[in-house]
Structures are given as structure tokens and as C-alpha cells.
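What follows is a set of notes on a single structure, which appears directly below.
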Amino acid sequence: AIGSSMAGASVSLVDFFQDAIRLVPSGEKDSESDRNCQSESVTSRLGNANSRVLAAALALGPPVILAYSFPDIFLVALEEAGLLGGVSLYGIIPALSIMFIRRSIALGDTGSKQRDLAMPGKLGLGDISLLLIVTISSGLILPEIIHLGKLFLH
């Protein structure tokens with residue numbers, strides 16, 4: 001699973017860098033391009049194969065250097081991304097979104113047709129339960145944010 005996701009991301013990132021290299025002008029102009037005010041691209045100067053190698057080095061070099069410098073960084077990053085991303089994506093953001101929608105409907109900010117619509121699967125206790133979800137989710141994330149802050153500040 002890690003290899004297949006890395007392969008897809010790597011190919012995409014290499015293509016991105018190759019497109020970016022294609023857009024960078026070389027800065028050198030010949031007499032005909034001076035007349036037409038067009039500059040030669042780096043890709044045409046380097047050749048397509050060499051620009052692909054340069055793009056691969058730009059895309060894959062930094063992750064390889066990080067991986068060899070810090071061998072356990074992948075597992076740490078995976079743990080932090082899973083906790084921070086998962087809890088915020090499935091806990092905090094939906095609860096705050098529902099609270100915002102409920103307030104905008106109550107204030108009449110939306111059309112009158114939407115005010116009459118009932119929300120399916122409505123959570124009991126209203127905003128109290130949503131605040132409880134946000135509080136619990138924030139309680140899960142806060143120690144990790146503090147831990148990451150201490151790591152970066154020291």
C-alpha cells in the first residue's frame with residue numbers, strides 16, 4: 001500500500017516539476033526570438049530527457065534526504081497526520097458546520113424553503129451534543145499540538 005501510493009504521488013510530483021521547468025524561460029535569446037520577443041524554454045535547451053531527470057531530482061531528492069536523515073519520520077508523520085487530520089476532518093469540522101447551518105437557518109439567512117426542511121439523522125440535545133463533540137475532539141488534538149510545538153521549539 002505504501003509503495004503504490006508513493007509511486008502515484010511520485011509520478012504526479014515529477015510531472016508537476018517537469019511542467020514547471022517547461023514554463024521557466026532560459027533567459028537566453030537568439031536574434032530571431034529577440035525580434036519576436038519570445039524566449040527559449042529550459043526544456044528545449046536541456047532536452048526532454050534531461051528535464052525529466054532534473055524534475056525527478058527536484059521531486060524525489062528532498063524526501064530521500066529526509067528519509068535517510070530521520071529513519072523513523074514516516075511513522076511519526078503518519079501518526080500525527082492520522083490523529084490531527086482524522087479528528088479534525090471527522091469531528092471538529094462537521095460539528096462546527098452543522099452549528100453554522102443551524103444558526104443561519106434560525107436567523108433566516110437562507111431561503112424560506114430551506115428553513116422548512118428537516119435534517120435527517122438529527123443528533124439529540126442540539127448544539128450541546130455538537131459542542132461536546134468539538135470539545136472531545138479538541139481534547140484529543142490539543143496534547144499532540146502541544147507536543148509538536150515543544151519538538152519544534154527545542
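The values are calculated or read from the model by the stated rules, or taken from the named source; none is laboratory data. Keep in mind that this is a model prediction, so the values were computed, not measured. Cβ coordinates were reconstructed from backbone atoms using ideal geometry, including for glycine residues, and neighbour counts include every protein chain displayed. Just the protein is used for accessible areas: all its heavy atoms, side chains included, with ligands, DNA and RNA removed. Shrake-Rupley method; radii C 1.70, N 1.55, O 1.52, S 1.80 Å.
Which members of the stretch 59-78 meet the condition of being β-branched (Val, Ile, Thr) and either touching an Asp or Glu at 6+ places or on another chain (Cβ under 7 Å) or open to solvent by 100 Å² or more (accessible area, probe 1.4 Å) (or both)? I'd like the intermediate steps shown before the answer.
At the first step, the residues of the stretch 59-78 found to be β-branched (Val, Ile, Thr) are 64-65, 73, 76.
Listed by number, the list holds a single entry, 65.
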From the list 26, 31, exactly one residue is at pLDDT below 85 and open to solvent by less than 50 Å² (accessible area, probe 1.4 Å). Which is it? 26
